[in-house]
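Let me begin by presenting the structure, written as structure tokens, before commenting on it.
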Amino acid sequence: MGKFDLLKHELVPQFRIMTKEEIEQLRKNLGVRKEDLPWMLKSDPVSKAIGAKPGDVVEIIRKSPVAGKSVAYRYVVPG
Amino acid sequence: MSFYELIKSIKSIKFGVLSPEEIRKMSVVNIVTADTYDEDGIPIEAGLMDRRLGTIEPGQKCQTCGNRVGQCPGHFGHIELARPVVHPGFAKLVYNLLKSTCWNCGRILLTKEEVEKYTLLMEKYQKKWPQLRLRLAERVIRRASKNTECPHCGEAQYKLKFEKPTTYYEEHKEGTVKLAPNEIRSRLERITDSDVKLMGLDPRIARPEWMVLTVLPVPPSAVRPSITLESGIRSEDDLTHKLVDIIRINERLKDNVDAGAPQLIIEDLWELLQYHVTTYFDNETSGIPPARHRSGRPLRTLAQRLKGKEGRFRSNLSGKRVDFSARTVISPDPIISINEVGVPIDVAKLLTIPERINPYNMDQVKRLIENGPDVHPGANYIIRPDGRRIDLRFPKDRKAIADAVEIGYIVERHLKDGDIVLFNRQPSLHRMSIMAHKVRVLPYKTFRLNLCVCPPYNADFDGDEMNLHVPQSEEARAEAGVLMLVQEQILSPRYGGPIMGGIQDYISGAYMLTRKGTMLTREEASQLLARAGYTGELPPPEISEPKELWTGKQLASLFFPKGFNYSLKSNVCLKCPTCKKEECENDAYVVIRDGKLIKGVIDKKSIGAGQPESVLHRLIKDYGTDAGRDYIDRAFKLFLAYIDSRGLTIGLDDEELPAEAKRKVLEVIRQAEAKVSELIDIYNQGLLERLAGRTLEETLETKIMQELEEARELAGEIASQYLKESNTALLMARTGARGSLMNLAHMVACVGQQSVRGERIMRGYMNRTLPHFKPGDLGAEAHGFVYSSYKDKLNPIEFFFHAMGGREGLVDTAVRTSQSGYMQRRLINALQDVRVEYDLTVRGTDGSIIQFRYGEDGVDPAKSDHGKAVNVEKIIERVVKAGGS
Ligand SMILES: [Mg+2]
Ligand SMILES: [Zn+2]
Ligand SMILES: [Zn+2]
Ligand SMILES: [Zn+2]
């Protein structure tokens, strides 16, 4: 089997590491600490693929059957 | 100091392990005697019922704190163990600690560099991700226990084995050696505080050596009260029994040690002490026999008091019992509103609502007081502003009391019509299982409820009982009335449609009333409308010559709001390839224009319970819950009135087929049988072609089953063609009131294949289901095909197969309910305090985010159109229709 890029698989949504400013904006909008966002492990295949490190926040854009497009965020933790 | 100043909020809770010093410090008595009371029934000093442990007898003062029964919190004692024993609850942790530290120097089995690295990591985790601390500790332990040589003192490490519940072995070259608890304890003592931290414990509150007990706390006597039986014999609590065992063995061990007894005897006693302590904590520990009472019953020790359904948590903390509640059998009442509940007068006289007296209710309340507890609109208690309660059961002259009450007094008055109460039927699986109803005090002894609220409660009247609760504060009643009232719950978040609505006779009645040909005289029409509570004008008759006649559709139209437009296919629709809509000759296309039923019959699709996109659904969405409730309360009575005037019944005749039809059914079945034997022949000749992914045998089975299923269906079709139009069972099946065409086919044509586990019946004897068949018979009859119809009779073999299939159904339901119940419990425990915030995020109690937008689209399914935020098609249809006319 050739090299497999999991980010290109159609069932894997779009992931993007957010910038400091974006994170700050998101925190303000939601009124939460970074730790209050849902978590994602550093060892997650996607974390590895996009090079996310503990402390990063990842933006996920998915196709949704009910909302068309939905945005979620993950806080990367070690492990 | 006010009450509110006394309230402190809890910032955090920390759990630790009691140290021996702490146990001694909180103890009021060192218990050394295994006995409880002497011959005179006086508690023995330093015994398990020592007076200092707290009073349990009323009137006595506690020897420790001086309080009386209610006030004395109870006081702990302690037992000095002759030899240490492992605490069974920490045995696994002790094992982990032992295997990741050096037996010689006590340091963690990691190099200096590793220790530094992990210490730094641990500090970082503590600050940023405290939840992940334990996972890191796990990693540290896993890492350390891999080392076979101490990096600090260079000593070789032995392999450690742990045997449940509390035994540890060390594998030396010479053989395995059992580790004694005192050896374990001294090893744990050698572990440094910093290493303890690395392994995830806080040494200030949980030193490892504390997990090997040298002192055992003895709980206060209030925790394990002795009971005196009628015969005067005292019976001790299970915990006391267990403590007696521990003290006995402990004393014997002490004596033997003091007397210098042989090591073997001491070890035996020591192990026995360990056993007793282990079972004292948990008498269901795996690997050891449970300690038993003299009668043979296993003892209920500490863990058993907390665990499971009857444990402290589920039974006493999550399952509190309440006052102001009632429970009785339910029965139907089609007259009362869906918002109401019929409350028996006897119940109404027992349940009360506190009402504060003010200038406006003074006169009424005085009358209630005069009536007292035994006459219905009465009162049971008066509460004076100073908190004193006056019981109205005893005073002779209630008139005097009534005259004496003043503004500000509180009267606990009987439940009366219109009071808001909560009504509930278990299992409470969804929010509509508890709804607010308005009280209707009625004679007799059952709770009465409107038939349309049966679906949300899943209630029927074969002996079901329901619970009723009376909210005691104005706030609670207001909240219940606004949020939980039945009419507010008609639209279910489960369907995005009405969960309440017509069932059974409501649907048959609506159909019979609204179908073509229902013509009513003035008298009949007036009669029906009167029962529905209609007070308006009778519309002009459809036919005026030779006699004034009204159609059922005209009457049904009177209850739709003006300007209401809707159209849909009804349940009786034959699903023709191209629907002729308004021109449907079956009158199966419902058209309501400007609140008038122009075309079509009203049936399950229009007014049925649990039917999304029905007339009822549209009505409630467009005109509100008040209109919806009003429609159900009034129009539904019209349907019942009509079915009452006509009568609806089925009899044996309805299951009779003409001879011709019978012949045809028989022919169909005979053909199927021929095909089956043909298939078997092909199979036997080895000519059967295998289906993909199936074995040859499975292929044959599938084909046979297909054939027989087709035959049954065909038989059913033939039967329904020959049934008379007047057949009421057919009417009910077509309108969706009750039963299906399949049920009907079972009754009149052929019951068909019985199955167990989705296959034809295969079990029984070797190679055959019953001794009536030849071994290896693959035919229909031999594997549970029931040729007969219920009406004709089932022969004994058919009957037997039918019972097999039926039994499976029963077992399935039983298994399913228990499984789904368990799943429900776990889901509720996991989700109970998750909520949707005003910004539409879903969050936990600590503000952590679970969803960024509720359900991704932020739509409340109860307020949605069958799951969608808006039903665009219906809106367009409405706008276009309105513009066109
Ligand atoms: Mg029942
Ligand atoms: Zn006390
Ligand atoms: Zn060492
Ligand atoms: Zn049609």
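So which of B:Leu513, B:Leu491, B:Leu555, B:Leu549 is crowded, with 21+ Cβ neighbours inside 10 Å, farther than 30 Å from B:Asn458 by Cα and in contact (Cβ under 8 Å) with a residue 12 or more places away in the chain?
Working: B:Leu513 fails: farther than 30 Å from B:Asn458 by Cα; B:Leu491 fails: farther than 30 Å from B:Asn458 by Cα; B:Leu549 fails: crowded, with 21+ Cβ neighbours inside 10 Å.
It is B:Leu555.
How many residues does region B:171-186 hold that are touching a residue at least 60 places away in the same chain (Cβ under 8 Å) and either open to solvent by 80 Å² or more (accessible area, probe 1.4 Å) or among the charged types (D, E, K, R) (or both)?
1
Counting just the residues of region B:580-607 that are closer than 21 Å to B:Ala733 by Cβ and without any contact (Cβ under 8 Å) to a residue 24 or more places away in the chain, which one comes out farthest from ligand 2 (Cβ to nearest atom)?
Step one: of region B:580-607, the residues closer than 21 Å to B:Ala733 by Cβ are B:584-590, B:600-607.
Still in the list and also without any contact (Cβ under 8 Å) to a residue 24 or more places away in the chain: B:584-586, B:588-589.
On the way: B:Cys584: 84, B:Glu585: 88, B:Asn586: 83, B:Ala588: 80, B:Tyr589: 81 Å.
Per the criteria, the residue is B:Glu585.
Would you check if there is a residue in region B:824-833 being touching a helix residue (DSSP H, G or I) at 6+ places or on another chain (Cβ under 9 Å), under 30 Å from A:Leu26 (Cβ atoms) and among the aliphatic types (A, V, I, L, M)?
No, there is no match, as no residue in region B:824-833 is touching a helix residue (DSSP H, G or I) at 6+ places or on another chain (Cβ under 9 Å), under 30 Å from A:Leu26 (Cβ atoms) and among the aliphatic types (A, V, I, L, M).
Across region B:107-121, what is the total count of residues that are buried (at least 19 other Cβ atoms within 10 Å of the Cβ) and in contact with a Lys or Arg (Cβ under 9 Å, 6 or more places away or on another chain)?
5
Can you go through B:Lys445, B:Lys399 and tell me which one is surrounded by fewer than 19 Cβ atoms within 10 Å (Cβ to Cβ) and under 31 Å from the mean Cα position of the chain (by Cα)? Before you say what the answer is, go through the steps one by one.
Numbers: B:Lys399 fails: under 31 Å from the mean Cα position of the chain (by Cα).
Going through B:Lys445, B:Lys399 in turn, the sole match is B:Lys445.
Looking at region B:448-476, which of the residues that are open to solvent by 30 Å² or more (accessible area, probe 1.4 Å) and within 16 Å of ligand 1 (Cβ to nearest atom) is farthest from the other protein chains (Cβ to nearest Cβ)?
Here is the first cut: in region B:448-476, the residues open to solvent by 30 Å² or more (accessible area, probe 1.4 Å) are B:451, B:455, B:458, B:460-463, B:465, B:469, B:472-476.
So of that shortlist, the ones also within 16 Å of ligand 1 (Cβ to nearest atom) come out as B:451, B:455, B:458, B:460-463, B:465.
Values: B:Leu451: 35, B:Pro455: 26, B:Asn458: 28, B:Asp460: 35, B:Phe461: 39, B:Asp462: 40, B:Gly463: 42, B:Glu465: 40 Å.
It comes out as B:Gly463.
Among (1) open to solvent by 50 Å² or more (accessible area, probe 1.4 Å); (2) modelled with pLDDT of 85 or more; (3) farther than 13 Å from B:Thr514 by Cα, which single condition is B:Lys581 missing?
B:Lys581 satisfies every listed condition except (2).
Take B:Arg431 and decide whether it is under 29 Å from B:Tyr631 (Cα atoms) and at pLDDT 95 or above. I'd like the intermediate steps shown before the answer.
On the way: under 29 Å from B:Tyr631 (Cα atoms): yes; at pLDDT 95 or above: no.
For B:Arg431, the condition - under 29 Å from B:Tyr631 (Cα atoms) and at pLDDT 95 or above - is not met.
Kindly indicate the residue of region B:45-80 that is more than 16 Å from ligand 2 (Cβ to nearest atom), under 21 Å from B:Ser235 (Cα atoms) and not aliphatic (A, V, I, L, M) and also surrounded by the fewest Cβ atoms within 10 Å (Cβ to Cβ) among those meeting that condition.
Ranking the candidates gives B:Glu45 first.
Looking at (1) on the phi > 0 side of the Ramachandran plot; (2) under 32 Å from the mean Cα position of the chain (by Cα); (3) in contact (Cβ under 8 Å) with a residue 60 or more places away in the chain, which is the one condition that is false for B:Leu616?
(1)
In region B:301-378, which strands (runs of 3 or more DSSP E) lie fully inside it and hold 1 or more residues that are touching a helix residue (DSSP H, G or I) at 6+ places or on another chain (Cβ under 8 Å)?
Numbers: elements: B:325-332, B:340-344, B:352-356.
By residue number, B:325-332, B:352-356.
Out of B:Thr64, B:Thr119, which single residue is away from chain A (no Cβ under 14 Å), out of contact with any Gly (no Cβ under 8 Å at 6 or more places or on another chain), more than 16 Å from ligand 4 (Cβ to nearest atom) and of a type in the set (Ser, Thr, Tyr)?
Details: B:Thr64 fails: out of contact with any Gly (no Cβ under 8 Å at 6 or more places or on another chain).
Matching residue, one of B:Thr64, B:Thr119: B:Thr119.
What tally of residues in region B:138-165 results from selecting those that are open to solvent by less than 70 Å² (accessible area, probe 1.4 Å) and over 15 Å from B:Arg187 (Cβ atoms)?
Within region B:138-165, residues that are open to solvent by less than 70 Å² (accessible area, probe 1.4 Å) and over 15 Å from B:Arg187 (Cβ atoms) number 7.
Within region B:793-814, which residues are open to solvent by less than 70 Å² (accessible area, probe 1.4 Å) and not in a helix (DSSP H, G or I)?
Correct list: B:Leu794, B:Asn795.
Quickly run through region B:835-858 and pick out the residues that are among the β-branched types (Val, Ile, Thr) and either more than 10 Å from chain A (Cβ to nearest Cβ) or open to solvent by less than 30 Å² (accessible area, probe 1.4 Å) (or both).
First, the residues of region B:835-858 that are among the β-branched types (Val, Ile, Thr): B:836, B:841-842, B:845, B:849-850.
Answer for region B:835-858, where residues must be among the β-branched types (Val, Ile, Thr) and either more than 10 Å from chain A (Cβ to nearest Cβ) or open to solvent by less than 30 Å² (accessible area, probe 1.4 Å) (or both): B:Val836, B:Thr841, B:Val842, B:Thr845, B:Ile849.
Taking region B:1-34, which residues are at pLDDT below 85 and assigned to a helix (DSSP H, G or I)?
Selection gives B:Phe3, B:Tyr4, B:Glu5, B:Leu6.
Scanning for something modelled with pLDDT of 90 or more and either away from chain A (no Cβ under 14 Å) or surrounded by 19 or more Cβ atoms within 10 Å (Cβ to Cβ) (or both), does region B:37-44 turn up at least one residue?
No: region B:37-44 contains no residue that is modelled with pLDDT of 90 or more and either away from chain A (no Cβ under 14 Å) or surrounded by 19 or more Cβ atoms within 10 Å (Cβ to Cβ) (or both).
What do you reckon, is B:Lys14 open to solvent by 50 Å² or more (accessible area, probe 1.4 Å), of a type in the set (D, E, K, R) and either more than 29 Å from B:Lys254 (Cα to Cα) or touching a residue at least 24 places away in the same chain (Cβ under 8 Å) (or both)? Even if it seems obvious, please write down each step before you answer.
Numbers: open to solvent by 50 Å² or more (accessible area, probe 1.4 Å): yes; of a type in the set (D, E, K, R): yes; either more than 29 Å from B:Lys254 (Cα to Cα) or touching a residue at least 24 places away in the same chain (Cβ under 8 Å) (or both): yes.
Here the answer is yes, as B:Lys14 does meet what is asked.
Name the residues in region B:187-236 that are open to solvent by 60 Å² or more (accessible area, probe 1.4 Å), among the polar types (S, T, N, Q) and over 41 Å from the mean Cα position of the chain (by Cα), would you?
B:Ser194, B:Ser231
Regarding B:Ala869, is this residue more than 14 Å from every other protein chain (Cβ to nearest Cβ) and of a type in the set (A, V, I, L, M, F, W, C)? Steps first, answer last, please.
On the way: more than 14 Å from every other protein chain (Cβ to nearest Cβ): no; of a type in the set (A, V, I, L, M, F, W, C): yes.
Spelling it out, it is not the case that B:Ala869 is more than 14 Å from every other protein chain (Cβ to nearest Cβ) and of a type in the set (A, V, I, L, M, F, W, C).
Are any residues in region B:676-694 of a type outside the set (A, V, I, L, M, F, W, C), touching a helix residue (DSSP H, G or I) at 6+ places or on another chain (Cβ under 9 Å) and surrounded by fewer than 17 Cβ atoms within 10 Å (Cβ to Cβ), and if so, which ones?
Initially, region B:676-694 is screened for residues of a type outside the set (A, V, I, L, M, F, W, C), giving B:677-678, B:681, B:683-686, B:689-690, B:693-694.
Those left that are additionally touching a helix residue (DSSP H, G or I) at 6+ places or on another chain (Cβ under 9 Å): B:683, B:686, B:689-690, B:694.
B:Gly686, B:Glu689, B:Arg690, B:Arg694 - these are the residues of region B:676-694 that are of a type outside the set (A, V, I, L, M, F, W, C), touching a helix residue (DSSP H, G or I) at 6+ places or on another chain (Cβ under 9 Å) and surrounded by fewer than 17 Cβ atoms within 10 Å (Cβ to Cβ).
Looking at region B:437-469, which of its residues are touching a residue at least 60 places away in the same chain (Cβ under 8 Å) and either within 16 Å of ligand 2 (Cβ to nearest atom) or touching a Lys or Arg at 6+ places or on another chain (Cβ under 9 Å) (or both)?
Residues satisfying the conditions are B:Val439, B:Arg440, B:Val441, B:Leu442, B:Phe447, B:Arg448, B:Ala459, B:Asp464, B:Glu465, B:Met466, B:Asn467, B:Leu468.
Taking strands (runs of 3 or more DSSP E) that do not extend beyond chain A, which have at least 2 residues that are within 14 Å of chain B (Cβ to nearest Cβ)?
Numbers: elements: A:14-17, A:39-41, A:57-64, A:68-77.
Counting at least 2 such residues, we get A:39-41, A:57-64, A:68-77.
Return yes or no: is B:Gly501 buried (at least 19 other Cβ atoms within 10 Å of the Cβ), at positive phi and touching a helix residue (DSSP H, G or I) at 6+ places or on another chain (Cβ under 7 Å)? Break it down into steps so the answer makes sense when it comes.
On the way: buried (at least 19 other Cβ atoms within 10 Å of the Cβ): yes; at positive phi: yes; touching a helix residue (DSSP H, G or I) at 6+ places or on another chain (Cβ under 7 Å): yes.
Yes: the conditions hold for B:Gly501.
Taking region B:122-150 as the search range and keeping residues that are in contact with a Leu (Cβ under 8 Å, 6 or more places away or on another chain) and in contact (Cβ under 8 Å) with a residue 60 or more places away in the chain, which one is nearest to the other protein chains (Cβ to nearest Cβ)?
B:Leu136
Can you name the number of the only condition in (1) of a type in the set (Val, Ile, Thr); (2) open to solvent by 30 Å² or more (accessible area, probe 1.4 Å); (3) under 19 Å from B:Ala729 (Cα atoms) that B:Thr535 fails?
The single condition B:Thr535 does not satisfy is (3).
The values are calculated or read from the model by the stated rules, or taken from the named source; none is laboratory data. As the structure is a computational prediction, the values presented were derived from the model and not from experiment. As a convention, Cβ positions derive from the backbone with ideal geometry for all residues, glycine included, and neighbour counts pool all protein chains shown. Just so you know, the surface numbers come from the protein's heavy atoms only, side chains and all, with ligands and any DNA or RNA stripped out. Shrake-Rupley method; radii C 1.70, N 1.55, O 1.52, S 1.80 Å.
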